[in-house]
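The values are calculated or read from the model by the stated rules, or taken from the named source; none is laboratory data. What you see is a predicted model; the values in this text were computed from it and never measured. So basically every Cβ, Gly included, is an ideal-geometry build from the backbone, and we count neighbours across all protein chains shown. Note: areas computed on protein heavy atoms with side chains; ligands, DNA, RNA excluded. Shrake-Rupley method; radii C 1.70, N 1.55, O 1.52, S 1.80 Å.
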Amino acid sequence: KELPISLASPQPRVSRVSQGMGGACFRSGASVIDPASEVARILGGPDVSPELKAQLNLVVKAAGRSSTSEAELRALFDSLLDACPGELCPRLVNWFAEVPQKKRTGLVALMQRLISHAVQAKVAAAQKIVSSDSAESLEFGRVAAKCELLLSIDESQRGGVAVAAGVLSGIARWSLSPNTCDGSSGGSSSSSGFRAAAAAAAEATAASCVSPALDGLVLLFRRALLSQVGTSASAALQRWRDLEDELGVPHLEAHLPLLGRRAKALLLGLALVPEGTKPATLVVSRDSPLDAAGAQSQLLAASSACILSCYFESASGTKMMQGKRVEGGEGHGPRKEFFIAASADLMKRWRVQEVDVFTTSVVGRGNRITFEAGSGSAEVPDILTKTRIGDRISLQCEGHADIAGTVTLKVGANTLVLDKPFVCEVSGSCRFELQRPSVPLFEFHRGTGQTWFSAYATELDGSQGKDLRDLYRSLGKLMSLALANHCKLGFVLPTVFFRLLLRRQVSFSLEDLKGFDDALHASMRKCLKMKPGHFQDLKEVEGLSAELTREDYVQRQVLQTLSPVAMDEIRDGFESLIPPDVLCNLTPGELRQMLCPTDATAKSINIRHIFEVILEDEMAECPAFVEAFWSVLERFSVEEKRLFLMFVTGVETPPEPGTEQLLIQLPFSAFSQDEYLGMLDMLPQAHTCTNTLELPNYHEALLQSGRVPEDASHARLVKELTNLLGVKLRLAIHETAGYELDGILGADRGPHSPAPADASGPVFSPPGEPAGAFAAVVRPVELQAWRLPNCLGDEIGEDNHMQGDNSASSVLPFSLTTSTFGAEKQCLPLKEGQEQRHGVNELLEDLDSLLNTPT
């Protein structure tokens, strides 16, 4: 059979064994080719020039040796200086496919040595320079300027590096081709064990082609490239290509198999967005992101991958997008949350149909709930007329616990009978949420302990068939967009899902169920032994053809379980946004790690192990503060650590260990004893785009305020810091409500009040709060609106927050907050006759006066 690769040279013929196993093993005594003629086979043909023959002979001989000296490497570089990779590499890949495993290993090792000799030492030196200044690593130009000369490959070695890159990527692509991975040829099936061994051997071959040197080169610029994704992915990719040309490195986005998963995901995401594609704006609901008007249709209509700018609707939001009030957060933080929420939305059994806020009197007795028109409304709300038996409602009334239940009966126009008894009698503003039953696309699968297709995945021809097909296709596009946006889904899928998605497994047998669904596997084995009469009864019950055999019945059950028709819809959506030639660079395991979170049920979370933690110098130079910080984090329960991750990263599941940084900064300043006392009341805040936690300098505040004597022992200082930081950080992570203050300091609007109908034009952030703040809000009292003095922004200096970034801040309404020190110059004007007051002390006096004045 011909090898499933597209190369310039004639395709070699290989045995079924070598093809099926990806060339990783051979049967003892199998005769594949005549070793004496192996070079002649790849050199044959009148079109092979003497120079090409000499290069091929030199490489083949070097690959047969166990080690290569420096002199031999230099000779090889000299020979390949003017080599043409397009002619040389395909022939070497074909040679690799025909020779025994020992020579295969030798060729891969030789190519790795060529790259390592030219690049490894340069990358190691550059890593030391970049790691010495983490702040500058976010600026691509500055990193490139500092490292370009150091990383530049010698002219004499560039040809050898180009050949090595072409050979290794060609070998990896061949090993990952569908026939090689599946262990089948021409569509014939193989045993489950044989296919598993073939897939494992193929992925091992691909893994051996990863170049640590080139992988490290890409990771040097990872943070810098990711920081530009939100504005223009294509521009970031072009800057990277320009740098590759300057360094003399092959375009690695065309040689993705040379890279590890992190570097591969980075360049893949950049390459998926076509040049000139602008970011797409999505305004969605947090509860039902795919139910928002236009959200799903936008996914279905997408013809190419793009960067998403995501905003969450909020009745009290301080920004306007697409005519709707939204939370202030923007950037990568909300983007990550959108993909988590959208994928979780596909597993819901109930979907929000409509939400209304109205004033009414609600009287509940037993299972009955009656709505009476409020003073400002002459009729019963329209949403009640739309409610029908079988719907679920959720009712939130001011001053009363939430009411939720399923409607079992309607009595008249304004009385509902629910499935649960309750007692209530309230009047005022109510938020009424109407939910309808929904078909979940996925559900928990006991066999794998992960998520798998629901039973509806095989029923795409029924009354809901079109809607289901659209949803499954939307999921496929959502996966492609997640790759382009460097985000993950909200649930874990088994590896077999990604083998199907990448077309790496094209056939199944009963044995494939073993380990996936052991109960079904045992049941199908019994079915094969079923008596003819009993099997006939089974077919009649299920409405099956009388000619159906037991073997065909079992095979159909296997396919419906492991490869339902819904998989075709997902694959169609996925491949519609990803060029087919890109998918051959990925292994199922890599794609799974790129798209799925780590184990969400982990019983322990080690923050130090998961993140590369970078402490700002001011904090790193304070041992007591560092000790107290880690003491607090390590005492957190697993649930509290998940809340901490949600607060800092926007996602509660931890990332892969070592793939992300956690930045700890102390950005706030104080200059007097009163200001230090105010700092003790501040809460931490976070920027989810960059995984940055900003802490008030509690250490300095304790000493300068006099709360702890300056000559206090180290042990006492650590104890005081641990107690204070523990209280503040726990309050912050538990009370996080959403991006920015959500207008709780706005005037005269209740917690459920919608935005004013005439809201238009610029919408200001709440006083003292930067745009895009993720606020943890504590509401011990109801606050009236207050205004920050216009002059305060001028007095305290420039804003500490980047515009457009989303920061997660925790704000106590009765104390000086982190936001006050970072206040924007975007304050509302003073009322007529109001006295102009200056400084932080005056602000504290105003707040104290406000909170102690009866309403």
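Quick look at the numbers
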item: For the stretch 54-97, alpha-carbon Rg relative to the globular expectation (2.2 N^0.38 Å, N residues); result: 1.15
item: For the stretch 662-702 and the stretch 536-587, distance of Cα centres in Å; result: 56 Å
item: Amide H partners (placed H, <5 Å) of residue 321, local residues excluded; result: 326
item: Debye intensity ratio in log₁₀ form over the Cα atoms of the stretch 301-342, taken at each q of 0.31 Å⁻¹; result: -1.06
item: Gain on full stretching of the segment that runs from residue 634 to residue 275 - 0.36 nm per residue minus C-alpha separation; result: 124.7 nm
item: For the stretch 353-468, the fraction of alpha-carbon pairs in successive 10 Å shells from zero, as %; result: 13, 37, 23, 18, 9, 1
item: Estimated inter-spin distance, residue 542 and residue 238, nm [label 7 Å along Cα→Cβ]; result: 5.8 nm
item: Cross-link pairs beyond the 22 Å C-alpha cut-off, checked among 348/466; 336/466; 61/122; 264/477; result: 336/466; 61/122
item: Nearest-20 debye value, the stretch 47-124 charge dipole, Cβ charges on Lys, Arg, Asp, Glu; result: 400 debye
item: 10 Å binning of all Cα-Cα separations within the stretch 389-534, expressed as whole percents from 0 upward; result: 8, 23, 24, 21, 16, 7, 1
item: The stretch 601-651-the stretch 350-367 distance, computed between alpha-carbon centres (Å); result: 42 Å
item: C-alpha center-to-center spacing [the stretch 463-481, the stretch 97-176] in angstrom; result: 40 Å
item: The stretch 563-716, accessible area per residue, ligands and nucleic acids excluded (1.4 Å, Å²); result: 40 Å²
item: Debye log10 I(q)/I(0) for the stretch 584-740, one point scatterer per Cα, at q = 0.17, 0.19 Å⁻¹; result: -1.01, -1.22
item: Packing-based ranking, highest mean first, of 704-715, 461-472 given that Cβ atoms within 10 Å are counted; result: 461-472, 704-715
